[in-house]
Amino acid sequence: MKPDAFQVVRDFERAVADYTGAPYVVAVNSCSMAILLAVAWHLSKQQAKVDQEAIDAGHGMKMIALRPPIEIPRRTYVSVPMSIIHAGGRPTFRDEDWVGAYQLKPLPVWDSARWFTSGMYSGNGRPVIGPNPQHFGFYGPGQMACTSHHWSKTLGIQQGGCILHDDPEADAWLRRARFDGRTEGVSPKDDTFTQIGYHCYLSPEVAAEGLVRIQHLPRHNAPLPSDQYPDLSTLEIFKWTENSAAKRNLAKPSSQPSRTPRRRSPPSTGITVTR
């Protein structure tokens, strides 16, 4: 039998599941991509409705103003709103002094790049953050927690991120989505492609490093200090997401009957023109 190089990735996912208590874990190459896939999974359920709204509004292509709004703190890492846009959403911003993790509202998706500890997928469905690591515990039915394992984070490997969740249907979709839409273990020439994917799987050598390091992690890890993030709501590249929403009503056809301006007749030349 041909050796399976990606078995170590599945072993790493199993180790993360045992450590965090998550029923399912999907490993990818960064927390940014974990967020993108988690958001894309939830928005895929709404896509047909969004496309129909665009058609009803008289537009051949989907407008950014018609995308579902997804709210995040205005001070966070810059790739988060970018991931939302790439996934088909429209980022909006709120004031929130967050510690460790925050929700991408209204989706049951959490950016937990700065918090990774044992038992964090506890089943109560929302973060409970206290003064001591032992008081932490969150994520439950229907929730997706996106973690980061970059060298500056708690696990501290080269790169990588995980999606912690509890949905078997989502698990199958996420595994295809991270691997170019492919079925794991099936040659492209023999595969049946049913969805658009991304190239963001976790490489085996990085997974092997993570598998070693997670065996030596403390049982409880406090959230990492928040970086001095800029106010993303002031950046020009994200202002258009807000402005497009304001312009949405302008894009809708008027409910009043249209009036075609009366064409002014040219001066008579005495010549009859036929078409």
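Laboratory data are not the source of any read-out in this text; all were calculated from the coordinates shown. What you see is a predicted model, and the numbers here were worked out from it, not measured in a lab. All Cβ positions, even for glycine, are placed from backbone atoms using ideal geometry, and neighbour counts span all protein chains on display.
Miscellaneous remarks
- Proxy reagent accessibility, fewest Cβ within 10 Å first, across 75, 90: 75, 90
- J(HN,Hα) series, the stretch 19-29, from Karplus relation 6.51 cos²θ - 1.76 cosθ + 1.60, nearest Hz, glycine and proline x: 6, 9, x, 6, x, 10, 9, 10, 8, 9, 8
- Residue order for 184, 236, fewest other beta carbons within 10 angstrom first, comes to 236, 184.
- Charge sum, other residues only, whose C-beta stays under 9 Å from residue 74's C-beta, Lys/Arg counted +1 and Asp/Glu -1: -1
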